[in-house]
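Written out below as structure tokens is the structure these notes cover.
The values are calculated or read from the model by the stated rules, or taken from the named source; none is laboratory data. If you're wondering where the values come from, they're calculated on a predicted model, not measured in any experiment. So basically every Cβ, Gly included, is an ideal-geometry build from the backbone, and we count neighbours across all protein chains shown. Accessible surface areas use protein heavy atoms only, side chains included; no ligands, DNA or RNA. Shrake-Rupley method; radii C 1.70, N 1.55, O 1.52, S 1.80 Å.
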Amino acid sequence: MIDVCTRLSARCLVVATDGNVSSRLPSGNILITRAGINKGMVGENDLVEVRPDGTGGNQRPTTEIRMHLSVYERRQDVRAIVHAHPPFATAFAVAGVSLDRPVLPEVVVGLGGIPLAPYATPSTDEVPDSLSPFLEHHSAILLSNHGAITFGTDLLDAYFKMEKVEHTAEIIYRARMLGGIRELSEDDLARLRAVAPASYGREVNR
């Protein structure tokens, strides 16, 4: 978890004390970053172990703990969560523009669409409520006027998805500056669905 926090800071996917990272432990408890810590400075003493209901821990966990706990409750397959404020992706979220159109084949296969959740007041139950409609079928979600969240089978998986969200946002931004975006056609998507299980080991769910 410390490595992922360091990567987030080094890649400028978070600044100051932004963002939070968590992992589901074999015991069922959640290990999560404490409140008010720069992710590039996280050490072992900045990780808080809480019960699935958020109780316990010897320090105050991130203010976004409700968001993390809600995802773990709804998605038993999720073992790790990364929340960050990547600049290009967050710019799309501030502009009210999702990244759910089929543009990049590897994103269609790896993430599906990247929807935009409605604005919710940070650190409140509004945030998990805003994510609720998207949790079942997505592993990356933009948060309106806030940032992005990704879920994974482990910490690196969740982190790499955040990298992919930001990379996708930057590519789409630059493509728009160059005059527009060519989306994959239905025929393109059909061919991608046909090869995805053998080539990528997964189904395309769109």
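Sequence-distant contacts, meaning Cα pairs under 8 Å at least 6 residues apart, place the relative contact order of region 114-206 at 17 percent.
Take the Cα radius of gyration of region 70-121 and divide it by 2.2 N^0.38 Å, N being the number of residues; the result is 1.29. Our coupling estimate for region 134-151, obtained by passing each phi through the Karplus curve with A = 6.51, B = -1.76, C = 1.60 and θ = phi - 60°, is 10, 5, 5, 10, 9, 10, 8, 9, 7, 10, 3, 6, 9, x, 8, 9, 10, 10 Hz, Gly and Pro reported as x. Counting only protein chain heavy atoms and rolling a 1.4 Å probe, the accessible areas of L131, L155 rank, largest first, as L155, L131. A compact globular protein would have a Cα radius of gyration near 2.2 N^0.38 Å; the ratio found for region 94-186 is 1.09. For N58 and D18, the difference between the fully extended length at 0.36 nm per residue and the C-alpha to C-alpha distance is 12.3 nm. One way to sum up the overall shape of region 163-206 is the equivalent ellipsoid from its Cα gyration tensor, whose semi-axes run 25, 15, 7 Å, largest first. Calculate what fraction, in whole %, of the accessible area of region 54-130 sits on carbon and sulfur atoms when a 1.4 Å probe is rolled over the protein chains. Accessible surface attributable to carbon and sulfur in region 54-130 totals 51 percent. Heavy-atom accessible area for I81, with the other protein chains in place and a 1.4 Å probe, reaches approximately 0 Å².
Sorted largest first, the spans of the alpha carbon positions of the chain along the three principal axes are 54, 35, 30 Å. Sparsely packed loop sites in region 75-174 (the GluC sites (Glu not before Pro) outside DSSP H, G, I, E and B with at most 14 other Cβ atoms within 10 Å) comprise E136. Just to verify a number: FRET efficiency for E183 and V97, C-beta to C-beta distance, R0 = 25 Å, to 0.05? The value I calculate is 0.95. Note on Y200 and T6: with the Förster distance fixed at 22 Å, the Cβ-Cβ geometry gives a FRET efficiency of about 0.15.
Relative to one another, the C-alpha centroids of region 81-103 and region 161-181 are positioned 10 Å apart. With a ≥ b ≥ c taken as the square roots of the eigenvalues of the C-alpha gyration tensor of region 26-65, please select rounded if a/c is under 1.5 and otherwise prolate if a/b is larger than b/c or oblate if it is not? Since a/c reaches 1.5 and a/b is larger than b/c, the shape of region 26-65 is classed as prolate.
With the simple spin-label model, which puts each label point 7 Å out from Cα in the Cβ direction, the Y119 to D157 separation comes to 3.4 nm. Accessible surface area normalised per residue over the chain is 49 Å², counting heavy atoms of protein chains with a 1.4 Å rolling probe.
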